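Working notes for the structure below.
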Amino acid sequence: MKGTVVSTWIRTCRDLYGNDQIRKSLKAVNWPEDIVFSPLDDVEDEKIFKFIGVIANNVGTPINELWRIIGENNLNKFAEDYPVFFKRVDLYRFLNSLNFVHAIIMKKIRGAKPPIMEIKQISEKGINLTYRSDRELFDYFLGLLGGSVKFFGEKVKIEEVGRDKGKLTVYIEFEKNIHLNKKYLISRTLSNFGFKSLELKIGVPIFIVITLIGLPMVGLLKGVLMGGVAGLISGFISNIVVKPLNDIIENIENNNFEAIDTSISTNDKLERIYAGISKLKNSISEDLTSANLTLNELSVFTQSMYKTTENMKKATQEISTSSEQVLELAERQEVSTEELVNQTNENIEALKDLVVLQDKNKNILDKSVDKIKESYLNVDKSNEAIRETLSSFMNVKERGQSLQRKADDITNIVSLVSGISDQTNLLALNASIEAARAGEQGRGFAVVAEEVRKLAEQSQQAVKDINDNLSYFANEINTLVSSIENQYTFLEVEASNLEKVRTVSSEANDLIKIVSNETNEAINKLNKEVTSVSDMSKNIDLLAAIAAENAASSQLVNQNVEEFTKSIQEMLITLGKVRDVGENFVTDVD
């Protein structure tokens, strides 16, 4: 089965039952969904019959009924694809031309075996149409016949006469006469008697008429002689007169159309007939020339298309190579993008962990700042306390020094008392001496002098004790003052150091505050970076998805390019066949 018919069947079924049904049926016979048949493709009958059988089974229609439906609807598809064959004035002439069309197809398309249709007129309105087909698609033909009746809008009567192996005969009765036969009795009678040339048909009647007229006038012999002479003369003259017509007939029978280009001059109907035939010949010649030019243009176009398609094939092969490279790059990009996504996700997790750690460190740092601040306050309080202690120590030192001075004053007084005691003791001694000199008179004075001496000795002893105690007390005071001075000096140094510590602690507190603020800013920036990296990760995920889509698209493009390359190869084969057909047409027209 040729691809043209199969393609039309599939289109018709698609219009009738939809794409889904056709896809299922195509899949059942292992045909791709987008299959395209060229006019010169040979399709296995078994597959197309199986295809139609699957559709019939799926839609629940008997297969013979489906063939009729396809045939009836196919007629409209054929009318769309081949409108030139449907420009006939009525159904009879359309059917009568199909056998001629099929004969041309058999001649032009190698391997084509279209059905044969034989028309036999059996009445003025009726014919017997015999349809011969090895495939015996009789129901399909009846569907086509029904579609033709609807297309031409005629009222006809169709009856199936009989079926035989490879043959179907139907009777068709039209509403109008299909053939008008004009009959010319005299001319037909002469032809039946063997007088078929125009000269004889003119000469014989004249011979008979003159003979019949001459018989009563001149007798039988002379009448026959007159009729014979008149017949010969009329036949001779008729031969001369109709010679142009004989030339035309001879040229037509010999296909010598070039001779018809000449003109004749008879100034009668023959000249008009000759001119009409010449005009008709010129019209046919113009149509043939136009057809020849069209076929030549088609041949040139086909050659150009063939070369262009070859170039397209080369370009497609290059594109296929590039597509494979793009596919490989796309796959690499997909893998790299996936690795980048994984690495980015790991970095994001690490950044999040770092943010958490920094946040903990920030909290620890804030606590440290609070403790340092508290320590600073405590140091400041200690410093103030030490300052107060230093002030107290200074007061104690000054009081100790004052006591030392008082002790020195007391020592001086005691020294004075000691001197007085010594003087008193000396005076007592002198008084004793004077009392001894005075004898009895001085005894009372001697007792007083003795008491004064004892008192002086006691005073000296008291002065000695006081001096010893004052000396010990003064030494203790000196020791205490020295110790206080040492403690004061130590406290003063420690206070100075503590002041330095307070200053350093204050500076450290300020620095830690700065570090804390900067850490907070760093954490905020880090959070922003984490957000930014997360957004970037989303973009990378999107990029990964796009890369995956690109890889899939590249793979699809690669497959499409391969299919396109196959299609171009098939197109080259088809164009080669079309080129051969076009060249055959050009040869036939020439």
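Brief remarks follow.
- Test result for residue 74, part of a helix (DSSP H, G or I) and surrounded by fewer than 17 Cβ atoms within 10 Å (Cβ to Cβ): no
- Listed conditions (1) under 30 Å from residue 408 (Cβ atoms); (2) modelled with pLDDT of 70 or more are all met by residue 491, apart from (2).
- Inspection of segment 521-528 finds no residue satisfying the criterion of being surrounded by 13 or more Cβ atoms within 10 Å (Cβ to Cβ), within 30 Å of residue 403 (Cα to Cα) and either at pLDDT 65 or above or touching a Gly at 6+ places or on another chain (Cβ under 7 Å) (or both).
- Close Cβ contacts (under 8 Å, 6 or more residues apart or on different chains) running from residues in segment 158-180 that are among the polar types (S, T, N, Q) to residues that are in a strand (DSSP E or B) comprise 169/128; 169/129; 169/130; 169/131; 169/160; 169/161; 169/162; 169/163.
- Members of segment 1-54 that are of a type in the set (Lys, Arg) and under 21 Å from residue 79 (Cα atoms): 2, 11, 14
- Members of segment 65-84 found to be modelled with pLDDT of 90 or more and of a type in the set (A, V, I, L, M), listed by number: 66, 69, 70
The values are calculated or read from the model by the stated rules, or taken from the named source; none is laboratory data. Just so you know, these numbers come straight off a predicted model, no measurement behind them. Quick reminder, even Gly has a Cβ in these numbers, built from the backbone with ideal geometry, and neighbours come from all protein chains shown.
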